[in-house]
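Working notes, structure below.
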Amino acid sequence: MPDVDHYLDEGNRLIEDGDVHEARKCFRRVLEAIPGHPAALDGLAWTYYMEGKCDKARKLLEQSIRKDPSFAEAYTDLGCVLHELGNIKEAERMHKKCITLDPTRHDAHTNLGQLYLRAGNHDDAEQMFVRAIACDPARPDGYLCLAEARMERDDFAGARDTLVECLKAEPDSIEAEILLAHVQFELGTRNPKHPDAR
(Lines give C-alpha, C1' and ligand atoms only; values in the text may rest on other atoms or scores of the structure.)
Protein backbone atom coordinates (compact mmCIF):
# COMPACT_ATOMS: atom_id res chain seq x y z
CA MET A 1 0.00 0.00 0.00
CA PRO A 2 1.61 3.31 -1.06
CA ASP A 3 1.84 6.30 1.27
CA VAL A 4 -1.30 8.06 0.01
CA ASP A 5 -0.58 11.40 1.68
CA HIS A 6 2.95 11.42 0.25
CA TYR A 7 1.71 10.84 -3.31
CA LEU A 8 -1.08 13.40 -2.98
CA ASP A 9 1.34 16.01 -1.62
CA GLU A 10 3.91 15.19 -4.28
CA GLY A 11 1.28 15.34 -7.02
CA ASN A 12 0.11 18.76 -5.83
CA ARG A 13 3.70 20.02 -5.61
CA LEU A 14 4.34 18.84 -9.16
CA ILE A 15 1.18 20.65 -10.31
CA GLU A 16 2.56 23.84 -8.72
CA ASP A 17 5.77 23.25 -10.70
CA GLY A 18 3.76 22.71 -13.90
CA ASP A 19 4.88 19.08 -14.32
CA VAL A 20 1.48 17.57 -15.13
CA HIS A 21 2.82 14.25 -16.41
CA GLU A 22 4.71 13.41 -13.21
CA ALA A 23 1.83 14.73 -11.10
CA ARG A 24 -0.55 12.46 -12.99
CA LYS A 25 1.63 9.45 -12.11
CA CYS A 26 1.33 10.31 -8.40
CA PHE A 27 -2.46 10.57 -8.50
CA ARG A 28 -2.77 7.36 -10.51
CA ARG A 29 -0.61 5.57 -7.95
CA VAL A 30 -3.13 6.54 -5.26
CA LEU A 31 -6.06 5.50 -7.45
CA GLU A 32 -4.47 2.09 -8.09
CA ALA A 33 -4.35 1.53 -4.34
CA ILE A 34 -7.68 3.20 -3.49
CA PRO A 35 -9.99 3.36 -6.53
CA GLY A 36 -12.23 6.42 -6.47
CA HIS A 37 -10.11 8.35 -3.93
CA PRO A 38 -11.72 11.84 -4.12
CA ALA A 39 -8.56 13.91 -3.71
CA ALA A 40 -6.64 11.79 -6.23
CA LEU A 41 -9.49 12.12 -8.75
CA ASP A 42 -9.47 15.88 -8.15
CA GLY A 43 -5.71 16.12 -8.63
CA LEU A 44 -5.81 13.96 -11.75
CA ALA A 45 -8.63 16.14 -13.12
CA TRP A 46 -6.56 19.27 -12.55
CA THR A 47 -3.69 17.87 -14.63
CA TYR A 48 -6.10 17.52 -17.55
CA TYR A 49 -7.55 20.99 -16.91
CA MET A 50 -4.03 22.42 -17.12
CA GLU A 51 -3.71 20.85 -20.57
CA GLY A 52 -7.07 22.28 -21.70
CA LYS A 53 -8.80 18.88 -21.61
CA CYS A 54 -11.84 20.24 -19.80
CA ASP A 55 -14.32 17.50 -20.70
CA LYS A 56 -12.03 14.84 -19.24
CA ALA A 57 -11.39 17.01 -16.17
CA ARG A 58 -15.13 17.58 -15.68
CA LYS A 59 -15.90 13.86 -15.68
CA LEU A 60 -13.19 13.14 -13.09
CA LEU A 61 -14.38 15.97 -10.85
CA GLU A 62 -17.99 14.82 -11.06
CA GLN A 63 -16.77 11.35 -10.10
CA SER A 64 -14.86 12.83 -7.13
CA ILE A 65 -18.01 14.64 -5.94
CA ARG A 66 -20.13 11.50 -6.31
CA LYS A 67 -17.57 9.59 -4.24
CA ASP A 68 -17.51 12.24 -1.50
CA PRO A 69 -20.15 15.02 -1.72
CA SER A 70 -18.50 16.81 1.22
CA PHE A 71 -15.10 17.19 -0.53
CA ALA A 72 -15.15 20.98 -1.01
CA GLU A 73 -12.13 21.37 -3.27
CA ALA A 74 -13.69 19.35 -6.09
CA TYR A 75 -16.57 21.83 -6.34
CA THR A 76 -14.43 24.92 -6.92
CA ASP A 77 -12.19 23.00 -9.31
CA LEU A 78 -15.30 21.89 -11.21
CA GLY A 79 -16.39 25.54 -11.19
CA CYS A 80 -13.16 26.51 -12.96
CA VAL A 81 -13.64 23.76 -15.55
CA LEU A 82 -17.28 24.71 -16.16
CA HIS A 83 -16.26 28.36 -16.53
CA GLU A 84 -13.81 27.36 -19.26
CA LEU A 85 -16.57 25.33 -20.92
CA GLY A 86 -18.82 28.42 -20.92
CA ASN A 87 -21.32 27.23 -18.31
CA ILE A 88 -21.08 30.35 -16.14
CA LYS A 89 -24.19 29.85 -13.99
CA GLU A 90 -23.24 26.30 -13.06
CA ALA A 91 -19.63 27.40 -12.46
CA GLU A 92 -20.85 30.07 -10.04
CA ARG A 93 -23.03 27.50 -8.28
CA MET A 94 -20.06 25.14 -7.84
CA HIS A 95 -17.83 27.85 -6.34
CA LYS A 96 -20.63 28.86 -3.96
CA LYS A 97 -21.17 25.22 -2.99
CA CYS A 98 -17.48 24.93 -2.13
CA ILE A 99 -17.68 28.05 0.04
CA THR A 100 -20.78 26.69 1.78
CA LEU A 101 -18.94 23.46 2.58
CA ASP A 102 -15.73 25.24 3.60
CA PRO A 103 -15.98 29.03 4.08
CA THR A 104 -12.20 29.24 4.65
CA ARG A 105 -11.22 28.07 1.16
CA HIS A 106 -9.13 30.89 -0.24
CA ASP A 107 -9.14 29.44 -3.75
CA ALA A 108 -12.93 29.25 -3.97
CA HIS A 109 -13.28 32.94 -3.11
CA THR A 110 -10.56 33.84 -5.62
CA ASN A 111 -12.11 31.65 -8.33
CA LEU A 112 -15.57 33.13 -7.78
CA GLY A 113 -14.06 36.62 -7.82
CA GLN A 114 -12.38 35.86 -11.16
CA LEU A 115 -15.70 34.67 -12.56
CA TYR A 116 -17.37 37.92 -11.48
CA LEU A 117 -14.49 40.01 -12.78
CA ARG A 118 -14.66 38.41 -16.24
CA ALA A 119 -18.38 39.15 -16.26
CA GLY A 120 -17.69 42.83 -15.47
CA ASN A 121 -19.18 42.60 -11.97
CA HIS A 122 -16.41 44.50 -10.18
CA ASP A 123 -18.20 45.03 -6.86
CA ASP A 124 -18.82 41.34 -6.24
CA ALA A 125 -15.38 40.45 -7.61
CA GLU A 126 -13.63 42.79 -5.18
CA GLN A 127 -15.74 41.48 -2.31
CA MET A 128 -14.64 37.91 -3.12
CA PHE A 129 -10.97 38.91 -3.33
CA VAL A 130 -11.20 40.69 0.04
CA ARG A 131 -12.70 37.51 1.51
CA ALA A 132 -9.93 35.43 -0.08
CA ILE A 133 -7.33 37.63 1.60
CA ALA A 134 -9.15 37.27 4.94
CA CYS A 135 -9.09 33.46 4.53
CA ASP A 136 -5.32 33.40 4.01
CA PRO A 137 -3.51 36.75 4.36
CA ALA A 138 -0.15 35.12 3.60
CA ARG A 139 -1.07 34.15 0.02
CA PRO A 140 -0.36 36.75 -2.67
CA ASP A 141 -2.99 35.77 -5.25
CA GLY A 142 -5.95 37.38 -3.46
CA TYR A 143 -4.07 40.68 -3.27
CA LEU A 144 -2.98 40.45 -6.90
CA CYS A 145 -6.52 39.79 -8.09
CA LEU A 146 -7.89 42.62 -5.96
CA ALA A 147 -5.23 45.01 -7.31
CA GLU A 148 -6.04 44.04 -10.90
CA ALA A 149 -9.76 44.54 -10.27
CA ARG A 150 -9.06 48.00 -8.86
CA MET A 151 -6.81 48.84 -11.81
CA GLU A 152 -9.64 47.94 -14.19
CA ARG A 153 -11.72 50.59 -12.41
CA ASP A 154 -8.86 53.11 -12.63
CA ASP A 155 -8.54 52.99 -8.83
CA PHE A 156 -4.76 53.08 -8.97
CA ALA A 157 -4.39 54.43 -5.43
CA GLY A 158 -6.42 51.49 -4.11
CA ALA A 159 -4.41 49.08 -6.27
CA ARG A 160 -1.18 50.58 -4.92
CA ASP A 161 -2.29 50.09 -1.33
CA THR A 162 -3.31 46.50 -2.06
CA LEU A 163 0.04 45.72 -3.69
CA VAL A 164 1.94 47.22 -0.76
CA GLU A 165 0.00 44.85 1.52
CA CYS A 166 0.76 41.99 -0.85
CA LEU A 167 4.50 42.68 -0.62
CA LYS A 168 4.27 42.72 3.16
CA ALA A 169 2.68 39.27 3.02
CA GLU A 170 4.99 37.94 0.27
CA PRO A 171 8.10 40.14 -0.12
CA ASP A 172 9.42 38.01 -3.00
CA SER A 173 6.34 38.44 -5.24
CA ILE A 174 7.81 39.60 -8.54
CA GLU A 175 4.32 39.94 -10.01
CA ALA A 176 3.35 42.35 -7.23
CA GLU A 177 6.52 44.38 -7.79
CA ILE A 178 5.83 44.64 -11.52
CA LEU A 179 2.20 45.65 -10.98
CA LEU A 180 3.23 48.17 -8.32
CA ALA A 181 5.70 49.80 -10.73
CA HIS A 182 2.92 50.02 -13.34
CA VAL A 183 0.50 51.50 -10.79
CA GLN A 184 3.07 54.06 -9.60
CA PHE A 185 3.65 55.05 -13.23
CA GLU A 186 -0.09 55.46 -13.81
CA LEU A 187 -0.47 57.53 -10.65
CA GLY A 188 2.43 59.75 -11.69
CA THR A 189 1.17 60.14 -15.27
CA ARG A 190 -2.43 60.87 -14.38
CA ASN A 191 -1.76 63.40 -11.65
CA PRO A 192 1.94 64.18 -11.21
CA LYS A 193 1.33 66.80 -8.49
CA HIS A 194 -1.01 64.59 -6.46
CA PRO A 195 0.49 63.11 -3.25
CA ASP A 196 -0.37 59.60 -4.53
CA ALA A 197 2.13 60.12 -7.32
CA ARG A 198 5.13 59.46 -5.04
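The values are calculated or read from the model by the stated rules, or taken from the named source; none is laboratory data. Nothing here was measured: the structure is a model prediction, and the numbers come from that model. Note that we place each Cβ from the backbone using ideal geometry, even for glycine, and neighbour counts take in every protein chain shown.
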Could you please tell me which pairs satisfy a Cβ distance under 7 Å, a separation of 6+ or placement on different chains, a first residue in the stretch 72-89 that is acidic (Asp, Glu), and a second residue that is surrounded by fewer than 22 Cβ atoms within 10 Å (Cβ to Cβ)? 84/54
Looking only at the stretch 4-60, filter to residues that are among the charged types (D, E, K, R), farther than 17 Å from residue 80 by Cβ and within 21 Å of the chain's Cα centre (by Cα); which one of those is surrounded by the most Cβ atoms within 10 Å (Cβ to Cβ)? 24
Free of Cβ contacts under 8 Å to residues at least 12 places away in the same chain and within 21 Å of residue 104 (Cβ to Cβ): which single residue out of 16, 22 fits that description? 16
Quickly run through the stretch 59-93 and pick out the residues that are of a type in the set (Phe, Trp, Tyr) and not in a loop (DSSP other than H, G, I, E, B). 75
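What are the residues in the stretch 44-58 that are among the charged types (D, E, K, R) and part of a loop (DSSP other than H, G, I, E, B), if any? Give the steps one after another, and end with the answer.
Here is the first cut: in the stretch 44-58, the ones among the charged types (D, E, K, R) are 51, 53, 55-56, 58.
Scanning the stretch 44-58 gives 51, 53.
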Across (1) modelled with pLDDT under 95; (2) part of a helix (DSSP H, G or I); (3) not charged (D, E, K, R), residue 18 clears everything bar (2)
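So which of 160, 190 is modelled with pLDDT under 95 and either farther than 30 Å from residue 62 by Cα or surrounded by fewer than 19 Cβ atoms within 10 Å (Cβ to Cβ) (or both)? Before you say what the answer is, go through the steps one by one.
On the way: 160 fails: modelled with pLDDT under 95.
Answer to the selection: 190.
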Which residue out of 132, 176, 157, 149 is touching an Asp or Glu at 6+ places or on another chain (Cβ under 8 Å), assigned to a helix (DSSP H, G or I), among the small types (Gly, Ala, Ser) and over 27 Å from residue 83 (Cβ atoms)? 157
Restricting attention to the stretch 1-14, and to residues there that are at pLDDT below 95 and hydrophobic (A, V, I, L, M, F, W, C), which single residue is nearest to residue 61 (Cα to Cα)? 4
Quick check on the stretch 97-104. Is at least one of its residues basic (Lys, Arg), under 20 Å from residue 38 (Cα atoms) and in a helix (DSSP H, G or I)? yes
